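Structure first, commentary second.
The values are calculated or read from the model by the stated rules, or taken from the named source; none is laboratory data. What you see is a predicted model, and the numbers here were worked out from it, not measured in a lab. Here Cβ is always computed from backbone atoms with ideal geometry, including for glycine, and neighbour counts include all displayed protein chains.
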Amino acid sequence: MIQYPSRLSLANLPTPITRLERFVVPGVDARIWVKRDELTGTEVCGNKIRKLEFCFAEAREQGCNVVITCGGIQSNHCRATAILGARLGYKVHLILRGEKPQHPDGNLLLDYLSGATIDYIPQAEWKTHIQFAHDLVQRYAGEGAKALFIPTGASDEVGLWGYVAASEELKRDFRNLDMSPDYIVTATGSGGTQAGLVVGNQLFDLQTRIRAFNVCDDAAWFENKIREDVTLWKQRYEIDFDDSALEIETVEGYVGPGYGVAEQPVFELIRDLATAEGLFLDPVYTGKAFYGMVQELKKGDHGSLPGARDVLFIHTGGLFGVFPQQDNFRF
Ligand SMILES: Cc1ncc(COP(=O)(O)O)c(C=O)c1O
């Protein structure tokens, strides 16, 4: 039995699993199922809330009253942190990458509405953001406050628990639904969701394989990041876990022009899936990963998903990221 650290109950769990009925890709006979983690909440939704249940518990244990975190201008993680901070009575300070837009939209609008303090660091100087965050922690300390810094995407040894716990939930789902997917597919951006699933798959013997589609960086980056986080997780929580055979499989080839920038077929897929199933993806994370999954399934031998009959896609949320990119949809 695994001993979890303290955790707040913030997400609507368990999330349902649904099977796609009307979304048909010619030549693809695998059944596609979706773990509806976009339904973990309304405004605090998606994968981040699972991680933040552990991060905010950590903030509470450390006696913090400020939470500092960072990410892109349209970061879902920053939005979730800002709103949870408002809900739980923490001051939230965000460090965002880029220039302040004239009109806040999507996630950024919600950051402002929930009262977060926001600093912007230009892309070219982004490598200074960790130092900036540490300086902020000191500044708050000087003012008599106590701040916790949560790194990008809450992808560290604390946030890793989010998808370890989700894997335990999946174990129950598979039993209840009498299903046994050959693959679990997710988008990967800062690595924490993938890390939790890879560890959880082994811990709870889910008997499936995790395939993560990267939306930035490359497979080598995720391999390193996940190994580092798993090592820290084992050390910090004194967990006896054999990570020598961890299967970290990142499927490359679907980043497109760059992080946050998608090509037309991704926008078309988002529209097609919404029309066929009433299921909404986003162009930054889930749209690219789902698009990649479909392309792989179309390949003769199923590409990086060989032998796939049942595939479970983790819908990690991201809906608010659709609105700032609405001009890319063609009707
Ligand atoms: C909607 C959405 N899906 C997937 C991801 C990727 O998750 P992770 O950062 O844990 O790799 C993120 C965040 O980066 C996200 O906001």
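Some observations on this one:
- Scanning the range 248-266 for residues that are part of a loop (DSSP other than H, G, I, E, B) and either within 20 Å of L305 (Cβ to Cβ) or within 19 Å of the chain's Cα centre (by Cα) (or both) yields I248, E249, E252, G253, Y254, V255, G256, Y259, G260, A262.
- Qualifying residue in the range 58-76 (condition: out of contact with any strand residue (DSSP E or B) (no Cβ under 8 Å at 6 or more places or on another chain), part of a loop (DSSP other than H, G, I, E, B) and farther than 28 Å from I314 by Cα): yes
- Verdict on G256 being at pLDDT 95 or above, in the same structural domain as G317 (by TED's automatic domain parsing) and more than 10 Å from the ligand (Cβ to nearest atom): yes
- With respect to (1) part of a strand (DSSP E or B); (2) within 28 Å of F313 (Cα to Cα), the lone exception for H93 is condition (2).
- Index of the failed condition, V66 passing every other in (1) closer than 24 Å to L203 by Cα; (2) not assigned by TED's automatic domain parsing to the domain that holds D173: (1)
- The single condition among (1) in contact (Cβ under 8 Å) with a residue 60 or more places away in the chain; (2) within 17 Å of the chain's Cα centre (by Cα); (3) assigned by TED's automatic domain parsing to the domain that holds G317 that T81 does not satisfy is (3).
- Close contacts from the range 319-331, counting a first residue that is at pLDDT below 95 and a second that is charged (D, E, K, R), with Cβ to Cβ under 9 Å and a gap of 6+ residues or different chains, come to R330/E268; R330/R271; F331/R271.
- Unmet requirement for T42, which otherwise passes all of (1) free of Cβ contacts under 8 Å to residues at least 40 places away in the same chain; (2) part of a helix (DSSP H, G or I): (2)
- Residue match in the range 96-109 (condition: part of a loop (DSSP other than H, G, I, E, B), within 16 Å of the ligand (Cβ to nearest atom), at negative phi and under 16 Å from the mean Cα position of the chain (by Cα)): no
- F313 within 16 Å of the ligand (Cβ to nearest atom), over 14 Å from V185 (Cβ atoms) and among the aromatic types (F, W, Y): no
- A276 falls short of the stated requirement of being in contact (Cβ under 8 Å) with a residue 12 or more places away in the chain, surrounded by 17 or more Cβ atoms within 10 Å (Cβ to Cβ) and at negative phi.
- Cβ pairs under 7 Å, 6+ apart, first in the range 143-171 and more than 10 Å from the ligand (Cβ to nearest atom), second in a loop (DSSP other than H, G, I, E, B) and of a type in the set (A, V, I, L, M): S167/L206; E169/L13; L170/L206; K171/L206
- Among residues of the range 182-238, those that are closer than 26 Å to D29 by Cβ, of a type outside the set (S, T, N, Q), away from the ligand (no atom under 13 Å from the Cβ) and touching a residue at least 60 places away in the same chain (Cβ under 8 Å), counted: 4
- Residue count for the range 267-310, restricted to those that are part of a loop (DSSP other than H, G, I, E, B) and either farther than 23 Å from F331 by Cα or out of contact with any helix residue (DSSP H, G or I) (no Cβ under 8 Å at 6 or more places or on another chain) (or both): 12
- Going through (1) part of a loop (DSSP other than H, G, I, E, B); (2) more than 14 Å from the ligand (Cβ to nearest atom); (3) crowded, with 17+ Cβ neighbours inside 10 Å one by one, A245 falls short only on (3).
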